[in-house]
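The block underneath contains the structure these notes are about, expressed in structure tokens.
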Amino acid sequence: MNEPDAVATAPSRQVPLIRVAGVTKRFGGVQALRGVDLEVLPGEVHALLGENGAGKSTLIKILSGVHTYDDGAIEIDGQKVAFDSPAQSRAAGVAVVYQDLSLVESLSVGANLMLGREPRTRLGFVKNRQLMATVSEFLRSRGIPLDPRTPVGALPFAYRQMTEICKALMGDVRVLILDEPTSALTGGEEQILFDAIRAVTDRGVGVIYVTHRLNEVFRISQRVTVFRDGANAGVFQTADTDMKQLVAAIVGSGHAALHAREETAVGVTDEVPVAATTPTSAARNADSAPVLRLSHVSNDRLHDVDLVVRGGEVHGLAGLIGSGRSEILQTIFGIRKIEAGAIEIDGRPRSRNTPAEAIQLGIALVPEDRHLEGLVLDHSIERNLTLPRLPHFSRWGWLRSQAAVQQAKRSMKELSVKAPGASTAVKFLSGGNQQKVVFAKWNHPRPKLLLLDEPTVGVDVGAREEIYGVVHEAARAGTGVLIVSSDLDELLRLCDRISIVADGCIVKTVERAELANAEALHHLIQLSRSSIESPEGTSVGAPAT
């Protein structure tokens, strides 16, 4: 079991700050919550776990005033509450940070953090200098690498996520609910967040921490509640439980994901090196021809990048947010232009370097933000799966609807997409099933090169195992896979080789067998960061002012 951080000390008071007792919620014929219980003590970080669809999001929306509950009771400081609106919830001191961010991208970080509570003159004008000074002091005191003047729309996704968290932390918070707060953060950024959580729990704030990264639970929480199928599946003292118990509670003792973790992920909780738990395919693909070669590639974010990915290889990109990891994928796919250097696919130089050409050459991209870049949420599964392959499903300019539907059904079956049918709108699917639809877009024909940017963000443990299976199956079939992930355990589990990215450069590439565990990989990332530290001491990867 991982040693808990200093934040995970037992809270002193034992009177519940928030108490959920026997709460039920029904949506039409669907019973979303079946009498769930949850207690959070002042100063406690209480982890809430469960698969997508287990009822976590429903309870969060009830606590935030988006939904009302049918039966049961919710108390804050012993007083029964039933919020009819988000405004009532906020007035009671409940702050929620959702996976889907609620920022105004045209405004600066500072303006977003103070939105609705800006300091004003008697005539109603915003005191911008005072606003920026307040935000700057808040960020500086917590070591958060954000510039309050930067427009939110210019930030990488992970920095936007951090801005959302800061917005909640700046308010008058009694109960802070964090929904997948570290989904795009690496170890260094995680620690900044954990320190910020420690600061608010020291003031007696109770934190409900929802995550699919189970190793975080042992670092940050004191207790854990698990939901399964809308009901309680267990309440645990973090110090007295282990990874196997939590996975069994989440998915059930007979689920394949439990046995997969027993076989391949013992490095998360034990002293067994992660690299030693899964046989590498490096020997198999060492002599394979490169499907991708980057030679001295440079643009507005990359500097002299060299990279080779061979057929059947899973190659990881690790680094801090803002280091250039995602920009490498975007440049390969043609979203970002090349200013110098060359990209070769199967030994042939790219000519136009556009997304359309990339698709024609057999390059597929699973983007970091599936809602914004990977899916059309209001469209059906079948339409989403057809979009990248319209020429394949068209004849004389007409869509062959029946062929598209049949292909969608086949892809749904192959990737175990849980939905009533191919005509179901993607917005009604769970996060894990949405991500599997993004993968399924590229399943036929199988791509030569698969680019994955944070492929398991917001995905539960069961769906995560299924996605890992898809990645391994693609590699076994000869596809080259290039993956960006902030989850270092994930990189160690999936990859044959890992390249460290810093300041738009690849500074080091290592074989997975050279890394004993995630701490060793984190150490390499920090060394790379230190080697490019600017003279002023500011990380080069931080957002530009």
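Below is a table of values for the structure above.
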quantity: Where a residue in segment 222-240 is surrounded by fewer than 17 Cβ atoms within 10 Å (Cβ to Cβ) and its partner, wherever it lies, is among the acidic types (D, E) and assigned to a strand (DSSP E or B), with Cβ under 9 Å and at least six apart; calculated: V235/D37; V235/E39
quantity: Residue in segment 399-411 that is touching a Ser or Thr at 6+ places or on another chain (Cβ under 6 Å) and either surrounded by fewer than 23 Cβ atoms within 10 Å (Cβ to Cβ) or basic (K, R) (or both) present; calculated: yes
quantity: Residue match in segment 340-355 (condition: in contact (Cβ under 8 Å) with a residue 40 or more places away in the chain and within 24 Å of the chain's Cα centre (by Cα)); calculated: no
quantity: Every residue from segment 504-522 that is closer than 26 Å to F333 by Cα and more than 22 Å from the chain's Cα centre (by Cα); calculated: C505, I506, V507, K508, T509, V510, E511, R512
quantity: Candidate set from segment 108-118 (those that are crowded, with 19+ Cβ neighbours inside 10 Å and in contact (Cβ under 8 Å) with a residue 40 or more places away in the chain); member that is farthest from the chain's Cα centre (by Cα); calculated: M114
quantity: Answer residue from segment 84-102, given it is assigned to a loop (DSSP other than H, G, I, E, B) and surrounded by fewer than 14 Cβ atoms within 10 Å (Cβ to Cβ) and is farthest from the chain's Cα centre (by Cα) among those; calculated: D84
quantity: Residue match in segment 119-142 (condition: outside the structural domain of E216 (by TED's automatic domain parsing), outside any helix (DSSP H, G or I) and either closer than 29 Å to L317 by Cα or touching a residue at least 24 places away in the same chain (Cβ under 8 Å) (or both)); calculated: yes
quantity: Residue check for E105: assigned to a helix (DSSP H, G or I) and in contact (Cβ under 8 Å) with a residue 12 or more places away in the chain; calculated: no
quantity: Elements of type helices (runs of 4 or more DSSP H) contained in segment 417-530, each with 1 or more residues being more than 22 Å from G374 (Cα to Cα) and not aromatic (F, W, Y); calculated: 461-476, 488-494
quantity: Residues located in segment 360-405, provided they are aliphatic (A, V, I, L, M) and modelled with pLDDT under 85; calculated: L372, L387, L390, L399, A403, A404, V405
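The values are calculated or read from the model by the stated rules, or taken from the named source; none is laboratory data. In this text the structure is predicted, and so the values were computed from the model without any measurement. Glycine also receives a Cβ, built like all others from the backbone with ideal geometry; neighbour counts cover every protein chain displayed.
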